[in-house]
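The values are calculated or read from the model by the stated rules, or taken from the named source; none is laboratory data. Bear in mind the structure is a predicted one, so any value in this text is a computation, not a measurement. Heads up, the Cβs are rebuilt from the backbone with ideal geometry, glycines too, and the neighbour counts pull from every protein chain shown.
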Amino acid sequence: MPIPLLSDDGLLPAGIHDCSIDEIKSAFGWYGSSGKRYRLFQKLVEYVDFVRDTELVVEIIVDGSFVTSKADPERYRQLRTRRP
């Protein structure tokens, strides 16, 4: 299921939205005036690649101003679920 459209306030609807890193890039990784959004996305990709190689992380939840319509977000927050 694709990432839902943002509200008029620039926020995602409440809930957890399953998606791929490519869907995150398409929705949040490319716009902004300073390039900060793109740099944050690149850091997220590096992190995802790292944890994928460990095979310890089951899922990553991305939150923060990165997943809003803010042109130059300050950061993303991530929460990960590890294998037991």
Check on ARG80, outside any loop (DSSP other than H, G, I, E, B), modelled with pLDDT under 85 and either surrounded by 10 or more Cβ atoms within 10 Å (Cβ to Cβ) or not basic (Lys, Arg) (or both): yes
Test for VAL48: is it in contact with a helix residue (DSSP H, G or I) (Cβ under 7 Å, 6 or more places away or on another chain), of a type outside the set (Asp, Glu), in a strand (DSSP E or B) and surrounded by 12 or more Cβ atoms within 10 Å (Cβ to Cβ): no
Residue count for the stretch 51-77, restricted to those that are over 11 Å from the mean Cα position of the chain (by Cα) and part of a loop (DSSP other than H, G, I, E, B): 8
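Mind listing whichever residues of the stretch 61-76 are farther than 21 Å from SER33 by Cα and either among the basic types (Lys, Arg) or surrounded by 15 or more Cβ atoms within 10 Å (Cβ to Cβ) (or both)?
VAL62
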Test for GLU23: is it under 11 Å from the mean Cα position of the chain (by Cα) and acidic (Asp, Glu): yes
Of all residues making up the stretch 1-45, the number that are of a type in the set (Gly, Ala, Ser), over 17 Å from GLN78 (Cα atoms) and out of contact with any helix residue (DSSP H, G or I) (no Cβ under 9 Å at 6 or more places or on another chain): 6
Residues being under 12 Å from the mean Cα position of the chain (by Cα), within 22 Å of LEU11 (Cβ to Cβ) and either part of a loop (DSSP other than H, G, I, E, B) or of a type outside the set (D, E, K, R) (or both) - total across the stretch 34-45: 4
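Table: residues versus (1) touching an Asp or Glu at 6+ places or on another chain (Cβ under 6 Å); (2) within 18 Å of ALA71 (Cα to Cα); (3) aromatic (Phe, Trp, Tyr); (4) touching a residue at least 40 places away in the same chain (Cβ under 8 Å).
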site	(1), (2), (3), (4)
LEU6	no, yes, no, yes
LYS25	no, yes, no, no
GLY32	yes, yes, no, yes
PHE41	no, yes, yes, no
GLU46	no, no, no, no
PHE50	no, no, yes, no
